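Chemist: Here's a structure for you.
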Amino acid sequence: IVEGKEEQQAIASMPGVYRYSLDLLLKEVISLHELGIPAVDLFCYIPNEKKDAVGSEAIKHGNLLQQAIRLLKQEIPDMCLMVDIALD
């Protein structure tokens, strides 16, 4: 997951895998759910300027991962969400 709107960023080390902003993430996960895929694993991209030695962004109230979980569970309540809290 990446901040912004209408963002789809290719991940060079993982061909065919992308980072999505929340708006595009919702569309992608709805498509997966309609195909019968019951679960997704969410990873947030944390910009360097938000990183610190104790992973503060990962536990910050209202962070990007929390926003994504809230949005997806509101729109697709039966989708299983697995997450990586990105303490890097």
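Chemist: Please find, among Ile46, Ile69, the residue that is of a type in the set (A, V, I, L, M) and in contact with a helix residue (DSSP H, G or I) (Cβ under 7 Å, 6 or more places away or on another chain). First the steps, then the outcome.
Modeler: Numbers: Ile69 fails: in contact with a helix residue (DSSP H, G or I) (Cβ under 7 Å, 6 or more places away or on another chain).
Within the list Ile46, Ile69, the selection yields Ile46.
Chemist: Let me ask something else. Any idea which of Ala53, Ala10 is among the aliphatic types (A, V, I, L, M), modelled with pLDDT under 95 and open to solvent by 60 Å² or more (accessible area, probe 1.4 Å)? Reasoning before the result, please.
Modeler: Values: Ala10 fails: modelled with pLDDT under 95.
Answer to the check: Ala53.
Chemist: A follow-up question, please. Looking at the range 8-42 only, could you name the residues that are in a loop (DSSP other than H, G, I, E, B) and either aliphatic (A, V, I, L, M) or within 12 Å of the chain's Cα centre (by Cα) (or both)? Even if it seems obvious, please write down each step before you answer.
Modeler: So the first thing to find is which residues in the range 8-42 are in a loop (DSSP other than H, G, I, E, B), and the list is 11-17, 21, 35-38.
Of everything in the range 8-42, those that are in a loop (DSSP other than H, G, I, E, B) and either aliphatic (A, V, I, L, M) or within 12 Å of the chain's Cα centre (by Cα) (or both) turn out to be Ile11, Ala12, Met14, Val17, Ser21, Leu35, Ile37.
Chemist: Name the residues in the range 56-88 that are touching a Leu at 6+ places or on another chain (Cβ under 9 Å) and either without any contact (Cβ under 8 Å) to a residue 40 or more places away in the chain or open to solvent by 60 Å² or more (accessible area, probe 1.4 Å) (or both), would you? Give the derivation first.
Modeler: Restricting attention to the range 56-88, the residues satisfying the condition of being touching a Leu at 6+ places or on another chain (Cβ under 9 Å) are 57-59, 64-65, 67-69, 71-73, 75-76, 79, 81-86.
Result: Glu57, Ala58, Ile59, Gln67, Ile69, Lys73, Glu75, Met82, Val83, Asp84, Ile85.
Chemist: Any idea which residue in the range 13-34 is surrounded by the most Cβ atoms within 10 Å (Cβ to Cβ), counting only those that are of a type in the set (A, V, I, L, M, F, W, C) and closer than 12 Å to Met79 by Cα?
Modeler: Applying the first criterion (of a type in the set (A, V, I, L, M, F, W, C)) to the range 13-34 yields 14, 17, 22, 24-26, 29-30, 32.
Okay, now just the ones that are also closer than 12 Å to Met79 by Cα, so 26, 29-30, 32.
Details: Leu26: 17, Val29: 21, Ile30: 14, Leu32: 15.
Among those residues, the one meeting the criterion is Val29.
Chemist: Please go through the range 43-88 and give me each residue that is of a type in the set (D, E, K, R), assigned to a helix (DSSP H, G or I) and more than 16 Å from Arg19 (Cβ to Cβ), ordered by number.
Modeler: The first filter runs over the range 43-88 and keeps only residues of a type in the set (D, E, K, R), leaving 49-52, 57, 60, 70, 73, 75, 78, 84, 88.
Keeping just the survivors that are assigned to a helix (DSSP H, G or I) gives 49-50, 57, 70, 73, 75.
Result: Glu49, Arg70, Lys73, Glu75.
The values are calculated or read from the model by the stated rules, or taken from the named source; none is laboratory data. Predicted, not measured: the structure shown is a model, and the values here were computed from it. Here Cβ is always computed from backbone atoms with ideal geometry, including for glycine, and neighbour counts include all displayed protein chains. Note: accessible area is taken over every heavy atom of the protein model, side chains too, but ligands, DNA and RNA are not part of it. Shrake-Rupley method; radii C 1.70, N 1.55, O 1.52, S 1.80 Å.
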